[in-house]
Amino acid sequence: MKRYLALLFSALICLSLYAGKKTQVNFVTAASDGRITYVGRTLVSGNEVSFDWTGTYVRFAFEGEYLALKITDTKKDYFNVWIDRPISGGDADKVVAFEGKDTLIVLYDAAPLKGKNKSHTLTIQKRTEGEQGKVTVSEVVTHGALLQAEPMKDRFIEFIGDSYTCGYGSENSIFSDKFSPETENQNKAYDAILGRYFDADIHVIAHSGMGINRNYNDKLRGYTMVERYLNVFDNGFDRVENAPLWTPLVKPDITVIYLGANDFSAGRQPVRSQFVKDYIKLLKEIKDYYGEDHPILCCTSRMEIYDYVSDAVAASGLKKITAVSIVEGISVKEELGAASHPGYPAHRKIAMAFAPYIATLTGWPLRDFEM
């Protein structure tokens, strides 16, 4: 009898616990929902949002302790994730890899805290460049309501560049190591640092090996950043015919171009007149997008490149364009990353060399800031 009563008591406890446990309800929201903030070039198609340019980031705000994305990636991309804090120069809260078709990637899953409807923010940022894959987000899954994310900041900078701007090898501290996607982190590149320094959102159009007149070692002739700049997608290192073109949604305060090193790669240099012609074409594309009064800062890494770029600026006849060169030797070997590209310490120096010019052209003040 006692054993029967004990079993009955245990059964009643289990029933009581089961009855008190509520089934978790998922809130499924289309990735194209207006409460989500995308910073970078994207293509919206129905409920889906696709992008591949390096450094593109997405801001979410939500209630509850869970957020996941339903994602398709054409290859394998790496993303930084920040939870309940803005993008910072230190390590992200986590790094996740996206690959496969219609994969549910859980970005935040914590034990319920006091008050289930506590609100959170989450930002994901594409560390890798378009050559590593194109991402399509179709659904956002939360355990509470999706809220309005932080909108675009008042300041906005567009960067156009090559592997330096991508953060190629920036998380490696051995300059002789070969490149690997795991150590590419656009957030450790000079352009991301400048965005944080000026408290600005940034928009990155960059691909390793791209030039103005020649790509690295003449790879993919006739398809340089001058042609690629117009596209919604980076599309890797392959020419894509009839690629969708970008329609600017928000005008940046300034465009920074950091190109030219690949034109002078493999011990060669471009024909000066052709380089000047192609550089002017890029300048005019930017001015056609944003207006003749839009400021452009043209940066170079060596004086020989600066000579070509300054010729193009002078010959363009366009207003509000400034050319500047950072002399070689701004960083030492110990500050380099993979494949002799800048590591994070070197990128900090590059950023601080460009900052006064951006401040002058925009009217933004310089300030003390921990990068």
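The values are calculated or read from the model by the stated rules, or taken from the named source; none is laboratory data. Computed from a predicted model, the values in this text were never measured in an experiment. Cβ atoms come from the backbone with ideal geometry, glycine included; neighbour counts cover every protein chain shown. For the accessible areas, the whole protein counts, side chains as well, though only heavy atoms, and no ligand, DNA or RNA atoms are used. Shrake-Rupley method; radii C 1.70, N 1.55, O 1.52, S 1.80 Å.
Can we say Phe237 is buried (at least 17 other Cβ atoms within 10 Å of the Cβ), modelled with pLDDT under 90 and in a loop (DSSP other than H, G, I, E, B)?
Considered against the rule, which asks whether it is buried (at least 17 other Cβ atoms within 10 Å of the Cβ), modelled with pLDDT under 90 and in a loop (DSSP other than H, G, I, E, B), Phe237 comes out as yes.
Table: residues versus (1) of a type in the set (A, V, I, L, M); (2) outside any loop (DSSP other than H, G, I, E, B).
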{"residue": "Phe275", "(1), (2)": "no, yes"}
{"residue": "Ile280", "(1), (2)": "yes, yes"}
{"residue": "Lys284", "(1), (2)": "no, yes"}
{"residue": "Cys299", "(1), (2)": "no, yes"}
{"residue": "Tyr308", "(1), (2)": "no, yes"}
{"residue": "Asp311", "(1), (2)": "no, yes"}
{"residue": "Lys319", "(1), (2)": "no, no"}
{"residue": "His347", "(1), (2)": "no, yes"}
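Quick test of your reading of the structure: Lys188 fulfils all but one of (1) of a type outside the set (Asp, Glu); (2) farther than 28 Å from Lys101 by Cβ; (3) out of contact with any helix residue (DSSP H, G or I) (no Cβ under 6 Å at 6 or more places or on another chain). Name the failing condition by number.
(3)
Kindly indicate whether Arg155 is touching a Phe, Trp or Tyr at 6+ places or on another chain (Cβ under 7 Å), surrounded by fewer than 21 Cβ atoms within 10 Å (Cβ to Cβ) and modelled with pLDDT of 95 or more.
yes
Let me spell it out: the conditions are (1) in a loop (DSSP other than H, G, I, E, B); (2) at pLDDT 90 or above; (3) hydrophobic (A, V, I, L, M, F, W, C), and Val327 meets all of them except one. Which number is the exception?
Every condition holds for Val327 apart from (2).
In the set Met371, Met352, which member is open to solvent by 30 Å² or more (accessible area, probe 1.4 Å), closer than 30 Å to Pro181 by Cα and either at pLDDT below 95 or assigned to a helix (DSSP H, G or I) (or both)?
Criteria check complete, one pass: Met352.
Kindly provide the set of residues from the range 132-173 that are part of a helix (DSSP H, G or I) and farther than 27 Å from Tyr290 by Cα, ordered by number.
If the condition is that a residue be part of a helix (DSSP H, G or I) and farther than 27 Å from Tyr290 by Cα, then Gln132 is the only one that fits.
Which residues, taken from the range 254-273, are open to solvent by less than 20 Å² (accessible area, probe 1.4 Å), in a loop (DSSP other than H, G, I, E, B) and within 19 Å of Ala314 (Cβ to Cβ)?
Leu259, Gly260, Pro270
Just to be sure before I move on: is Asp52 acidic (Asp, Glu), at pLDDT 95 or above and more than 28 Å from Glu171 (Cβ to Cβ) in the structure I sent?
No: the conditions fail for Asp52.
Hey, can you tell me all the residues within the range 240-278 that are in contact with a Phe, Trp or Tyr (Cβ under 9 Å, 6 or more places away or on another chain), at pLDDT below 90 and of a type in the set (A, V, I, L, M)?
Of everything in the range 240-278, those that are in contact with a Phe, Trp or Tyr (Cβ under 9 Å, 6 or more places away or on another chain), at pLDDT below 90 and of a type in the set (A, V, I, L, M) turn out to be Val240, Ala243, Ala266.
Before we move on, is Lys281 at pLDDT 95 or above, open to solvent by 30 Å² or more (accessible area, probe 1.4 Å) and under 26 Å from Arg221 (Cβ atoms)?
yes
Would you confirm, using the coordinates I've provided, whether Asn242 is open to solvent by 10 Å² or more (accessible area, probe 1.4 Å) and either touching a Ser or Thr at 6+ places or on another chain (Cβ under 6 Å) or touching a residue at least 24 places away in the same chain (Cβ under 8 Å) (or both)?
It is false that Asn242 is open to solvent by 10 Å² or more (accessible area, probe 1.4 Å) and either touching a Ser or Thr at 6+ places or on another chain (Cβ under 6 Å) or touching a residue at least 24 places away in the same chain (Cβ under 8 Å) (or both).
If I ask for residues that are over 18 Å from Val226 (Cα atoms) and not polar (S, T, N, Q), which ones from the range 296-305 would you list?
Within the range 296-305, Arg302, Met303, Glu304 qualify.
Condition test on Ser316, is it of a type in the set (S, T, N, Q) and either modelled with pLDDT of 95 or more or open to solvent by 50 Å² or more (accessible area, probe 1.4 Å) (or both)?
yes
Of everything in the range 176-200, what is in contact with a Gly (Cβ under 8 Å, 6 or more places away or on another chain) and surrounded by 23 or more Cβ atoms within 10 Å (Cβ to Cβ)? Give them in sequence order.
Answer for the range 176-200, where residues must be in contact with a Gly (Cβ under 8 Å, 6 or more places away or on another chain) and surrounded by 23 or more Cβ atoms within 10 Å (Cβ to Cβ): Thr183, Glu184, Asn185, Gln186, Asn187, Lys188, Ala189, Asp191, Ala192, Ile193.
State which residue pairs qualify: first residue in contact (Cβ under 8 Å) with a residue 40 or more places away in the chain and inside the range 292-319, second residue of a type in the set (D, E, K, R) and surrounded by 14 or more Cβ atoms within 10 Å (Cβ to Cβ) in any location, beta carbons under 8 Å apart, and separation of 6 or more residues or different chains.
Cβ pairs passing all conditions: His294/Lys287; His294/Lys320; Pro295/Asp253; Pro295/Lys320; Ile296/Lys287; Ile296/Lys320; Ile305/Asp263; Tyr308/Asp263.
Kindly provide the set of residues from the range 27-48 that are part of a strand (DSSP E or B), within 27 Å of Ala206 (Cα to Cα) and open to solvent by 50 Å² or more (accessible area, probe 1.4 Å), ordered by number.
Leu43, Val44, Ser45, Glu48
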